1. What residues from the stretch 70-95 fall in the zone where the backbone N is under 13 Å from a label point 7 Å along the Cα-to-C-beta line of residue 148?
2. Restricting to bridges with both residues inside the chain, how much of the DSSP beta-bridge set is antiparallel, in percent to the nearest 5?
3. Grab the Cα-Cα distance for residue 11 and residue 132, subtract it from 0.36 nm times how many residues apart they are, and report the gain in nm with one decimal.
4. Would you work out the relative contact order for the stretch 8-82, in percent, from Cα pairs under 8 angstrom that are 6 or more residues apart?
5. On average over all directions, what projected area in square nanometres does the chain have, based on the convex hull of its Cα atoms?
6. Between the stretch 115-139 and the stretch 14-34, what is the C-alpha centre distance in whole Å?
7. In the Gaussian network model of the chain, springs joining C-alpha atoms below 10 Å, which of 135, 61, 42 carries the largest mean-square fluctuation?
8. Please state the shape class of the stretch 94-136: rounded when a/c is under 1.5, otherwise prolate if a/b exceeds b/c and oblate if not, all from the C-alpha gyration tensor.
């Protein structure tokens, strides 16, 4: 594979990978989701494949592909998505607006950002509730289900 020679006149438009390590990673809503732990390069094209995000001591690091990065700035890396893992802890309401509980766990399809289901903590003595993706109407600071949930008091 023949490579084009580097255009050094554009060198000022690049950023060193090591300068990204430790920078904030922000979701499309501006919420900080972690810090850059590593920058991954494609061995063949030598292009950036994505970043590894350190999400803190109690969370698992995650990989975010370059297609989900909208920009890189002095403040950090900005994404064009909200990772589904960010829904953990969100308040859950049913279709009538009644409080169901909060998201205890997010289950993804493999290592993708595609939501499979959520596990809702309904409170002491009520048991957890698993809700599939297609039963969820709205995502955001709150999650709204597409159906009513019967109370289990």
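1. Hits in the stretch 70-95 for residue 148 at 13 Å: 94-95.
2. 85 percent
3. 38.8 nm
4. Relative contact order for the stretch 8-82 comes out at 27 percent.
5. Dividing the Cα hull surface by four gives the mean projection, 11.6 nm².
6. Rounded to whole Å, the Cα centres lie 30 Å apart.
7. Between 135, 61, 42, it is 42 that shows the largest mean-square fluctuation.
8. Cα axes put the stretch 94-136 in the oblate bin.
Throughout, read-outs are computed from the coordinates displayed, never taken from laboratory work. Computed from a predicted model, the values in this text were never measured in an experiment. Cβ atoms come from the backbone with ideal geometry, glycine included; neighbour counts cover every protein chain shown.
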